[in-house]
Amino acid sequence: MNDWQSWAAIVVFASTYALIISEKIHRVGAALGGAGLMLAIRATDDKSAFYSEHSGIDWNVIFLLMGMMMIVGVLKKTGMFEYLAIWSVKRAKARPFRVMVMLIVITAAASALLDNVTTVLLIAPVTLLVCERLALPVAPFLIAEVLASNIGGMSTLVGDPPNIIIASRAGLTFNDFLVHLAPLSVLLIVVLIAMCRFLFRKSFVYDEDRAAEVMDLEEREAIRDPRLLVQGLIVLTLVVAGFVLHPVLHYEPSVVALLGAGLLIALSTAETGDVLKEVEWPTLAFFAGLFIMIGGLIETGVIGEVSTALADAIGDNELGGSMLLLNASAVLSGIIDNIPYVATMAPITSDLVEAMGGDTNHVMWWALAIGADLGGNATAIGASANVVVLGIAERNRTPISFWQFTKYGLVVTAVTVAISTGYVWLRYFALA
């Protein structure tokens, strides 16, 4: 990494990241500007940026988001989210902390079957309505949910995109993830709930009048179009089945989501133009810019140098290596999106496992998955779900700043990674 392009790529990425953090320029403008500069200095080119599988825009992520945003856009018209909002508040007796606990648990459980981005797309509209009904601040609830989605998504093969990459490279199955990571995920969700009680304690203000109004509502009256709701739920069920059956069907989640969106629009009376208005286009543009910038770091060898240095430091030390890989992955996944990070680290981890004479279920794979999935909670751009939630909040005029998210994300990440480090040591070394 001695050529000027590598250093120029680092400067461009660091400068863009600083602009995103400072919020002096909108994050979409900063990301697209950074992507343009990466192309201008030839850190990457058009073929690598738009067509490369490893260092360009991840179109699977882009089209997965677009397809699910369209499905959510149709479901919004049915009144389903209003129904779920009223139902959840009534089950929680309109007590703010109970509402948050319910939403965290629902989000974590859903993220185990859906990918975490899809989950937050479905849960966020419910949250916005709940907070509006109870006059509660939106940000704490959305932040808690996205943290829960990344923790819950860690538990299964389909829950978080990095897990799919790891499973493909290591030959891991859906059940492997359940056995090795689901127990840790459940433990961390309990820890998250306890932390939220403390972190967001000022937000749990009980308004007796508002609560009484919601408790008197009849949730069934919120459904505006029963026929469209049935159609939407059938299509959503088929899409979820497609996600879960990915190891059997071998259809990418993006293909399943687009097929579902197309089928729902074709079957329903929803206007295509109205549905497309529900797509978070700025969020998709931000992802495109971010992927191109990270692609520039990959093409110039910057990320490869970092990964190789990490591999050299690990050597054949399984205990030290797994601890280093877990914690380094958590740090790096908070700085760059965890999807390209895992795509870069997976082949290096494979070489490490082979050098250690390990099998498919080697501890190094689980260290990589845990670090990348939990590290995504550290900053506002550490995971795809984080970016999506910030986009939804902004669109609904309740913006969440980079630092507002990150100050909570860093605390939760530090605690969950520390617990996970103990889990890895206990399960794979002390009790092995």
- [ ] Please tell me if Leu228 is surrounded by fewer than 16 Cβ atoms within 10 Å (Cβ to Cβ) and out of contact with any strand residue (DSSP E or B) (no Cβ under 7 Å at 6 or more places or on another chain).
- [x] no
Open item on the list: Restricting to the range 52-106, count the residues that are of a type in the set (A, V, I, L, M) and either more than 24 Å from the chain's Cα centre (by Cα) or not in a helix (DSSP H, G or I) (or both).
Closed with: 5
- [ ] Taking Leu178 as meeting all but one of (1) open to solvent by 10 Å² or more (accessible area, probe 1.4 Å); (2) closer than 30 Å to Thr349 by Cα; (3) in contact with a helix residue (DSSP H, G or I) (Cβ under 8 Å, 6 or more places away or on another chain), write down the number of the exception.
- [x] (3)
- [ ] Quickly run through the range 184-217 and pick out the residues that are free of Cβ contacts under 8 Å to residues at least 24 places away in the same chain and in contact with a helix residue (DSSP H, G or I) (Cβ under 9 Å, 6 or more places away or on another chain).
- [x] Arg201, Lys202
Task: Checklist (1) within 19 Å of Phe286 (Cα to Cα); (2) buried (at least 21 other Cβ atoms within 10 Å of the Cβ); (3) out of contact with any Leu (no Cβ under 6 Å at 6 or more places or on another chain) applied to Gly33, failing item - done: (2)
Open item on the list: Just checking, does the range 375-389 include any residue being closer than 29 Å to Glu318 by Cα, of a type in the set (A, V, I, L, M), surrounded by 23 or more Cβ atoms within 10 Å (Cβ to Cβ) and under 19 Å from the mean Cα position of the chain (by Cα)?
Closed with: yes
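Listed here are the residues, each with its yes/no results for (1) at pLDDT 85 or above; (2) more than 30 Å from Arg169 (Cβ to Cβ).
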{"residue": "Ser52", "(1), (2)": "no, no"}
{"residue": "Ile57", "(1), (2)": "no, no"}
{"residue": "Gly67", "(1), (2)": "yes, no"}
{"residue": "Leu75", "(1), (2)": "yes, yes"}
{"residue": "Trp87", "(1), (2)": "yes, yes"}
{"residue": "Arg91", "(1), (2)": "yes, yes"}
{"residue": "Pro96", "(1), (2)": "yes, yes"}
Open item on the list: Just the residues that are closer than 15 Å to Trp7 by Cα and open to solvent by less than 80 Å² (accessible area, probe 1.4 Å), please, taken from the range 36-58.
Closed with: Met38, Leu39, Ala40, Ile41, Ala43, Thr44
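Here is a yes/no grid of residues against (1) over 22 Å from Thr119 (Cβ atoms); (2) of a type in the set (Lys, Arg); (3) free of Cβ contacts under 8 Å to residues at least 24 places away in the same chain; (4) open to solvent by less than 30 Å² (accessible area, probe 1.4 Å):
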residue: Ala222; (1), (2), (3), (4): no, no, no, yes
residue: Leu236; (1), (2), (3), (4): no, no, no, yes
residue: Val239; (1), (2), (3), (4): no, no, no, yes
residue: Gly242; (1), (2), (3), (4): no, no, yes, yes
residue: Pro247; (1), (2), (3), (4): no, no, no, no
residue: Tyr251; (1), (2), (3), (4): no, no, yes, no
- [ ] Working only within the range 266-289, note down all residues that are within 21 Å of Ile392 (Cβ to Cβ), part of a helix (DSSP H, G or I) and open to solvent by 10 Å² or more (accessible area, probe 1.4 Å).
- [x] Gly273, Asp274, Leu276, Lys277, Trp281, Pro282, Leu284, Ala285, Ala288
TODO: Can you tell me which residue within the range 70-85, out of those that are open to solvent by less than 10 Å² (accessible area, probe 1.4 Å) and touching a Lys or Arg at 6+ places or on another chain (Cβ under 8 Å), is farthest from Ala266 (Cα to Cα)?
DONE: Ala85
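The values are calculated or read from the model by the stated rules, or taken from the named source; none is laboratory data. Being a predicted model, the structure only gives us computed values, none of them experimental. Using ideal geometry, Cβ is built from the backbone for each residue, glycine included, and neighbour counts are taken over all protein chains shown. To get the accessible areas, we keep the full protein, side chains included, count just its heavy atoms, and leave off ligands, DNA and RNA. Shrake-Rupley method; radii C 1.70, N 1.55, O 1.52, S 1.80 Å.
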